[in-house]
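To start, the structure under review is shown below, and the notes come after it.
The values are calculated or read from the model by the stated rules, or taken from the named source; none is laboratory data. All figures in this text were calculated on a predicted structure; none of them were measured in a lab. Cβ atoms come from the backbone with ideal geometry, glycine included; neighbour counts cover every protein chain shown.
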Amino acid sequence: MLFTLSLPLLKSAFDLITVTFISVLIILSVLSLTFIFHLHFKSKILKHLQGFNSLWTVRFLLVLFIFLWAITELLRLPFFRRKYLNIFFPSLTISHQVNLCKVHIILSLGFFEPAFLITLIFLLNASVKMKTPNDRWAITFVILTCLPIVTLQAMLIFFDPFKNQVPWLFHQTTVVFWDDYGTETILCAYPFLNCAVFAGFGCVYSTWFLFSCWRVLSLAINKGLRVRIYVLASAVLIALPLQVISLGFTALWSLHEEVYNIVSLMVFLGAFCCAAIGEGILVIKPISDALDAGGFCCPRDVGCRHKTLLLKNREGEDLLVKNRVTREGEGCV
(Lines give C-alpha, C1' and ligand atoms only; values in the text may rest on other atoms or scores of the structure.)
Protein backbone atom coordinates (compact mmCIF):
# COMPACT_ATOMS: atom_id res chain seq x y z
CA MET A 1 0.00 0.00 0.00
CA LEU A 2 1.33 3.43 -0.95
CA PHE A 3 0.87 6.86 0.63
CA THR A 4 2.34 9.93 -1.04
CA LEU A 5 2.77 11.92 2.15
CA SER A 6 5.55 13.47 4.13
CA LEU A 7 6.60 11.33 7.03
CA PRO A 8 5.30 13.16 10.11
CA LEU A 9 7.83 14.49 12.56
CA LEU A 10 5.78 12.89 15.32
CA LYS A 11 6.61 9.46 13.88
CA SER A 12 10.32 10.18 14.33
CA ALA A 13 9.60 11.37 17.88
CA PHE A 14 7.87 8.08 18.71
CA ASP A 15 10.80 6.22 17.16
CA LEU A 16 13.18 8.11 19.44
CA ILE A 17 11.05 7.28 22.49
CA THR A 18 11.05 3.62 21.51
CA VAL A 19 14.82 3.63 20.96
CA THR A 20 15.26 5.16 24.41
CA PHE A 21 13.25 2.40 26.08
CA ILE A 22 15.08 -0.25 24.05
CA SER A 23 18.41 1.23 25.21
CA VAL A 24 17.22 1.05 28.83
CA LEU A 25 16.23 -2.59 28.38
CA ILE A 26 19.56 -3.46 26.75
CA ILE A 27 21.44 -1.82 29.63
CA LEU A 28 19.27 -3.72 32.12
CA SER A 29 19.96 -6.96 30.26
CA VAL A 30 23.72 -6.34 30.32
CA LEU A 31 23.47 -5.62 34.06
CA SER A 32 21.52 -8.85 34.54
CA LEU A 33 24.16 -10.82 32.64
CA THR A 34 26.83 -9.25 34.84
CA PHE A 35 24.97 -10.42 37.95
CA ILE A 36 24.46 -13.91 36.52
CA PHE A 37 28.11 -14.49 35.58
CA HIS A 38 29.39 -12.82 38.75
CA LEU A 39 27.41 -15.28 40.87
CA HIS A 40 28.37 -18.16 38.57
CA PHE A 41 32.11 -17.56 38.92
CA LYS A 42 31.91 -16.64 42.60
CA SER A 43 30.02 -19.85 43.38
CA LYS A 44 33.04 -21.82 42.12
CA ILE A 45 35.14 -20.20 44.82
CA LEU A 46 32.60 -20.06 47.65
CA LYS A 47 30.97 -23.46 47.97
CA HIS A 48 28.01 -22.18 49.99
CA LEU A 49 26.87 -20.16 46.95
CA GLN A 50 26.65 -23.15 44.63
CA GLY A 51 22.98 -23.76 45.44
CA PHE A 52 22.10 -20.26 44.35
CA ASN A 53 23.70 -20.92 40.97
CA SER A 54 21.49 -23.90 40.10
CA LEU A 55 19.23 -21.92 37.75
CA TRP A 56 21.89 -19.74 36.16
CA THR A 57 21.35 -21.22 32.68
CA VAL A 58 17.60 -20.56 32.80
CA ARG A 59 18.17 -17.00 34.01
CA PHE A 60 20.71 -16.51 31.22
CA LEU A 61 18.13 -17.82 28.75
CA LEU A 62 15.55 -15.31 30.02
CA VAL A 63 17.95 -12.38 29.65
CA LEU A 64 19.12 -13.58 26.22
CA PHE A 65 15.57 -13.77 24.85
CA ILE A 66 14.77 -10.31 26.24
CA PHE A 67 17.95 -8.87 24.72
CA LEU A 68 17.22 -10.41 21.32
CA TRP A 69 13.61 -9.20 21.45
CA ALA A 70 14.84 -5.65 22.11
CA ILE A 71 17.24 -5.85 19.15
CA THR A 72 14.45 -7.20 16.93
CA GLU A 73 12.21 -4.27 17.86
CA LEU A 74 14.78 -1.95 16.30
CA LEU A 75 14.13 -3.51 12.89
CA ARG A 76 10.65 -2.02 12.63
CA LEU A 77 11.78 1.56 13.28
CA PRO A 78 12.35 3.69 10.15
CA PHE A 79 14.54 5.96 12.27
CA PHE A 80 16.90 3.09 13.09
CA ARG A 81 16.97 1.67 9.57
CA ARG A 82 17.60 5.09 8.06
CA LYS A 83 20.24 6.20 10.57
CA TYR A 84 22.15 3.03 11.33
CA LEU A 85 21.31 0.06 9.10
CA ASN A 86 22.03 2.05 5.95
CA ILE A 87 25.54 2.73 7.27
CA PHE A 88 26.39 -0.97 7.50
CA PHE A 89 24.16 -2.07 4.62
CA PRO A 90 24.21 0.75 2.03
CA SER A 91 22.61 -1.55 -0.53
CA LEU A 92 19.52 -2.03 1.65
CA THR A 93 16.64 -1.83 -0.82
CA ILE A 94 12.91 -1.36 -0.32
CA SER A 95 12.31 -5.08 -0.78
CA HIS A 96 14.94 -5.82 1.86
CA GLN A 97 13.18 -3.48 4.30
CA VAL A 98 9.86 -5.16 3.56
CA ASN A 99 11.44 -8.51 4.42
CA LEU A 100 12.86 -7.03 7.63
CA CYS A 101 9.33 -6.04 8.66
CA LYS A 102 8.15 -9.60 8.01
CA VAL A 103 11.06 -11.04 9.99
CA HIS A 104 10.25 -8.64 12.83
CA ILE A 105 6.69 -9.98 13.10
CA ILE A 106 7.85 -13.60 13.13
CA LEU A 107 10.68 -13.12 15.62
CA SER A 108 8.99 -10.61 17.91
CA LEU A 109 5.42 -11.90 18.17
CA GLY A 110 6.25 -15.48 17.21
CA PHE A 111 9.42 -16.39 19.07
CA PHE A 112 11.41 -13.98 21.26
CA GLU A 113 8.55 -12.49 23.27
CA PRO A 114 6.72 -15.81 23.80
CA ALA A 115 10.11 -17.36 24.64
CA PHE A 116 11.02 -14.90 27.37
CA LEU A 117 7.47 -15.04 28.78
CA ILE A 118 7.58 -18.84 28.93
CA THR A 119 11.08 -18.77 30.45
CA LEU A 120 9.78 -16.35 33.05
CA ILE A 121 6.98 -18.72 34.02
CA PHE A 122 9.42 -21.65 33.97
CA LEU A 123 11.54 -19.88 36.61
CA LEU A 124 8.41 -19.23 38.64
CA ASN A 125 7.29 -22.87 38.52
CA ALA A 126 10.80 -24.19 39.19
CA SER A 127 10.82 -22.38 42.52
CA VAL A 128 8.14 -24.68 43.99
CA LYS A 129 9.73 -27.92 42.84
CA MET A 130 11.81 -29.95 45.25
CA LYS A 131 14.30 -30.85 42.53
CA THR A 132 16.02 -28.26 40.35
CA PRO A 133 14.98 -28.77 36.69
CA ASN A 134 17.62 -29.88 34.23
CA ASP A 135 19.05 -27.09 32.07
CA ARG A 136 18.56 -29.05 28.87
CA TRP A 137 14.97 -29.72 29.81
CA ALA A 138 14.42 -25.98 30.36
CA ILE A 139 15.76 -25.11 26.90
CA THR A 140 13.83 -27.94 25.25
CA PHE A 141 10.63 -26.96 27.04
CA VAL A 142 10.83 -23.32 25.94
CA ILE A 143 11.67 -24.14 22.30
CA LEU A 144 8.98 -26.81 21.97
CA THR A 145 6.38 -24.49 23.49
CA CYS A 146 7.29 -21.65 21.12
CA LEU A 147 7.60 -23.83 18.01
CA PRO A 148 3.86 -23.96 17.15
CA ILE A 149 3.54 -20.19 17.61
CA VAL A 150 6.51 -19.21 15.46
CA THR A 151 5.53 -21.76 12.80
CA LEU A 152 2.00 -20.40 12.57
CA GLN A 153 3.26 -16.80 12.46
CA ALA A 154 5.69 -17.67 9.64
CA MET A 155 2.98 -19.46 7.66
CA LEU A 156 0.66 -16.46 7.92
CA ILE A 157 3.45 -14.14 6.73
CA PHE A 158 4.96 -16.15 3.87
CA PHE A 159 2.28 -18.74 2.99
CA ASP A 160 -0.96 -17.01 3.90
CA PRO A 161 -3.77 -19.36 2.77
CA PHE A 162 -6.39 -16.65 3.40
CA LYS A 163 -4.64 -13.95 1.39
CA ASN A 164 -7.31 -13.79 -1.31
CA GLN A 165 -10.26 -14.38 1.02
CA VAL A 166 -9.69 -11.68 3.64
CA PRO A 167 -9.21 -7.90 3.41
CA TRP A 168 -5.72 -6.50 2.88
CA LEU A 169 -5.75 -5.24 6.45
CA PHE A 170 -5.59 -8.80 7.80
CA HIS A 171 -2.20 -9.59 6.25
CA GLN A 172 -0.66 -6.16 5.66
CA THR A 173 2.94 -6.09 6.87
CA THR A 174 4.23 -2.80 5.42
CA VAL A 175 3.19 0.60 4.16
CA VAL A 176 5.34 2.71 1.80
CA PHE A 177 5.56 6.47 2.31
CA TRP A 178 6.99 8.96 -0.17
CA ASP A 179 8.45 12.14 1.27
CA ASP A 180 8.67 15.53 -0.45
CA TYR A 181 12.04 14.59 -1.95
CA GLY A 182 10.77 11.38 -3.50
CA THR A 183 12.46 9.15 -0.91
CA GLU A 184 10.65 5.95 0.01
CA THR A 185 10.18 5.06 3.66
CA ILE A 186 8.93 1.67 4.78
CA LEU A 187 6.71 1.48 7.86
CA CYS A 188 6.13 -1.89 9.52
CA ALA A 189 2.54 -2.87 10.29
CA TYR A 190 1.00 -5.51 12.55
CA PRO A 191 -1.07 -7.94 10.42
CA PHE A 192 -4.40 -8.63 12.09
CA LEU A 193 -4.19 -12.42 11.68
CA ASN A 194 -0.76 -12.50 13.32
CA CYS A 195 -2.08 -10.30 16.12
CA ALA A 196 -4.95 -12.76 16.59
CA VAL A 197 -2.48 -15.64 16.97
CA PHE A 198 -0.52 -13.71 19.59
CA ALA A 199 -3.78 -12.78 21.34
CA GLY A 200 -4.64 -16.47 21.62
CA PHE A 201 -1.22 -17.14 23.11
CA GLY A 202 -1.69 -14.20 25.50
CA CYS A 203 -5.01 -15.56 26.79
CA VAL A 204 -3.62 -19.04 27.43
CA TYR A 205 -0.44 -17.64 28.96
CA SER A 206 -2.27 -15.24 31.30
CA THR A 207 -4.36 -18.11 32.69
CA TRP A 208 -1.27 -20.29 33.11
CA PHE A 209 0.67 -17.46 34.75
CA LEU A 210 -2.19 -16.63 37.13
CA PHE A 211 -2.40 -20.25 38.26
CA SER A 212 1.39 -20.42 38.77
CA CYS A 213 1.40 -17.21 40.83
CA TRP A 214 -1.48 -18.51 42.95
CA ARG A 215 0.42 -21.74 43.63
CA VAL A 216 3.61 -19.88 44.52
CA LEU A 217 1.79 -17.46 46.83
CA SER A 218 0.08 -20.36 48.60
CA LEU A 219 3.53 -21.65 49.59
CA ALA A 220 5.29 -18.34 50.28
CA ILE A 221 5.58 -17.31 53.93
CA ASN A 222 7.99 -14.39 53.57
CA LYS A 223 6.20 -11.03 53.39
CA GLY A 224 8.80 -9.41 51.13
CA LEU A 225 8.68 -12.40 48.82
CA ARG A 226 4.90 -12.21 48.57
CA VAL A 227 5.11 -8.50 47.73
CA ARG A 228 7.55 -9.22 44.88
CA ILE A 229 5.28 -11.94 43.50
CA TYR A 230 2.31 -9.57 43.65
CA VAL A 231 4.33 -6.94 41.76
CA LEU A 232 5.40 -9.45 39.10
CA ALA A 233 1.88 -10.83 38.73
CA SER A 234 0.32 -7.37 38.51
CA ALA A 235 2.85 -6.24 35.91
CA VAL A 236 2.42 -9.24 33.63
CA LEU A 237 -1.36 -9.58 34.02
CA ILE A 238 -1.86 -5.89 33.23
CA ALA A 239 0.86 -5.27 30.63
CA LEU A 240 0.27 -8.38 28.51
CA PRO A 241 -3.51 -7.88 28.07
CA LEU A 242 -2.82 -4.20 27.39
CA GLN A 243 -0.41 -5.23 24.63
CA VAL A 244 -2.95 -7.64 23.14
CA ILE A 245 -5.71 -5.00 23.17
CA SER A 246 -3.37 -2.44 21.61
CA LEU A 247 -2.45 -4.91 18.87
CA GLY A 248 -6.13 -5.23 18.06
CA PHE A 249 -6.54 -1.46 17.94
CA THR A 250 -3.74 -1.12 15.38
CA ALA A 251 -6.21 -2.42 12.80
CA LEU A 252 -8.46 0.61 13.30
CA TRP A 253 -6.05 3.28 12.06
CA SER A 254 -3.68 3.73 9.14
CA LEU A 255 0.04 3.83 9.78
CA HIS A 256 0.30 7.49 8.79
CA GLU A 257 -2.15 8.57 11.53
CA GLU A 258 -0.83 9.88 14.83
CA VAL A 259 -3.16 7.65 16.85
CA TYR A 260 -1.51 4.59 15.31
CA ASN A 261 1.86 5.75 16.65
CA ILE A 262 0.42 5.96 20.16
CA VAL A 263 -1.18 2.52 19.92
CA SER A 264 1.98 0.91 18.53
CA LEU A 265 3.96 2.49 21.37
CA MET A 266 1.53 0.89 23.84
CA VAL A 267 2.15 -2.47 22.14
CA PHE A 268 5.87 -2.04 22.72
CA LEU A 269 5.51 -0.78 26.31
CA GLY A 270 3.36 -3.77 27.26
CA ALA A 271 6.15 -6.19 26.37
CA PHE A 272 8.78 -3.82 27.79
CA CYS A 273 7.14 -3.84 31.23
CA CYS A 274 6.98 -7.65 31.32
CA ALA A 275 10.63 -7.91 30.31
CA ALA A 276 12.04 -5.22 32.61
CA ILE A 277 10.12 -6.26 35.73
CA GLY A 278 10.80 -9.93 35.00
CA GLU A 279 14.56 -9.29 34.88
CA GLY A 280 14.45 -7.18 38.02
CA ILE A 281 12.45 -9.64 40.14
CA LEU A 282 13.62 -13.01 38.80
CA VAL A 283 17.26 -12.22 37.99
CA ILE A 284 18.75 -9.14 39.63
CA LYS A 285 16.93 -9.22 42.98
CA PRO A 286 17.45 -12.92 43.85
CA ILE A 287 21.11 -12.84 42.81
CA SER A 288 21.67 -9.66 44.80
CA ASP A 289 20.07 -11.30 47.86
CA ALA A 290 22.20 -14.41 47.34
CA LEU A 291 25.42 -12.40 47.19
CA ASP A 292 24.42 -10.42 50.29
CA ALA A 293 23.55 -13.58 52.21
CA GLY A 294 26.72 -15.31 51.06
CA GLY A 295 28.81 -12.40 52.30
CA PHE A 296 27.84 -13.12 55.89
CA CYS A 297 29.33 -16.60 55.82
CA CYS A 298 32.89 -17.13 56.98
CA PRO A 299 35.25 -18.40 54.29
CA ARG A 300 37.36 -20.07 56.97
CA ASP A 301 36.32 -22.34 59.81
CA VAL A 302 38.05 -20.36 62.58
CA GLY A 303 36.18 -20.39 65.88
CA CYS A 304 32.82 -21.15 64.26
CA ARG A 305 31.06 -23.68 62.16
CA HIS A 306 28.14 -23.12 59.88
CA LYS A 307 25.22 -25.09 58.78
CA THR A 308 23.83 -23.75 55.52
CA LEU A 309 20.32 -24.75 54.64
CA LEU A 310 19.35 -24.07 51.05
CA LEU A 311 15.65 -23.41 50.70
CA LYS A 312 13.80 -22.76 47.49
CA ASN A 313 11.74 -19.64 47.76
CA ARG A 314 8.63 -19.01 45.73
CA GLU A 315 9.86 -16.70 42.98
CA GLY A 316 12.69 -18.60 41.38
CA GLU A 317 15.39 -17.46 43.81
CA ASP A 318 17.15 -19.47 46.53
CA LEU A 319 16.98 -18.25 50.12
CA LEU A 320 20.06 -18.92 52.25
CA VAL A 321 19.22 -19.66 55.89
CA LYS A 322 22.28 -19.75 58.10
CA ASN A 323 22.51 -21.42 61.51
CA ARG A 324 25.72 -20.35 63.18
CA VAL A 325 27.02 -22.29 66.15
CA THR A 326 29.78 -20.38 67.93
CA ARG A 327 32.09 -21.53 70.62
CA GLU A 328 32.04 -19.77 73.92
CA GLY A 329 34.07 -16.60 73.82
CA GLU A 330 34.78 -16.83 70.09
CA GLY A 331 33.16 -15.11 67.14
CA CYS A 332 33.07 -15.14 63.40
CA VAL A 333 34.54 -12.15 61.63
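Observations
Residue-wise test of (1) touching a Ser or Thr at 6+ places or on another chain (Cβ under 7 Å); (2) of a type in the set (Phe, Trp, Tyr); (3) modelled with pLDDT under 75.
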site: LEU232; (1), (2), (3): no, no, no
site: TRP253; (1), (2), (3): no, yes, no
site: LEU269; (1), (2), (3): no, no, no
site: LYS285; (1), (2), (3): no, no, no
site: PHE296; (1), (2), (3): no, yes, yes
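- Matching residues, the range 85-109, being touching a residue at least 24 places away in the same chain (Cβ under 8 Å) and among the polar types (S, T, N, Q): GLN97, SER108
- Filter result for ALA251 (in a helix (DSSP H, G or I), touching a Leu at 6+ places or on another chain (Cβ under 8 Å) and farther than 26 Å from ARG59 by Cβ): yes
- Of the residues making up the range 245-254, not a single one is under 11 Å from TYR190 (Cα atoms) and touching a strand residue (DSSP E or B) at 6+ places or on another chain (Cβ under 7 Å).
- For LEU311, the requirement of being surrounded by fewer than 20 Cβ atoms within 10 Å (Cβ to Cβ) and either in a helix (DSSP H, G or I) or modelled with pLDDT of 90 or more (or both) is not met.
- Tally, over the range 248-261, of residues that are farther than 15 Å from ARG76 by Cα and touching a residue at least 40 places away in the same chain (Cβ under 8 Å): 4
- Single condition PHE211 does not satisfy, out of (1) over 22 Å from GLY280 (Cβ atoms); (2) of a type in the set (Phe, Trp, Tyr); (3) surrounded by 13 or more Cβ atoms within 10 Å (Cβ to Cβ): (3)
- Screening TYR230 against (1) surrounded by 15 or more Cβ atoms within 10 Å (Cβ to Cβ); (2) in a helix (DSSP H, G or I); (3) not small (Gly, Ala, Ser) leaves a single unmet condition, (1).
- Residue in the range 197-231 that is farthest from VAL150 (Cα to Cα), counting only those that are charged (D, E, K, R) and out of contact with any Asp or Glu (no Cβ under 8 Å at 6 or more places or on another chain): LYS223
- Count of the range 126-171 residues, restricted to those that are at pLDDT below 85, crowded, with 17+ Cβ neighbours inside 10 Å and of a type in the set (S, T, N, Q), is 1.
- Meets criteria (touching a Lys or Arg at 6+ places or on another chain (Cβ under 9 Å), in a helix (DSSP H, G or I) and of a type in the set (Ser, Thr, Tyr)) for SER43: no
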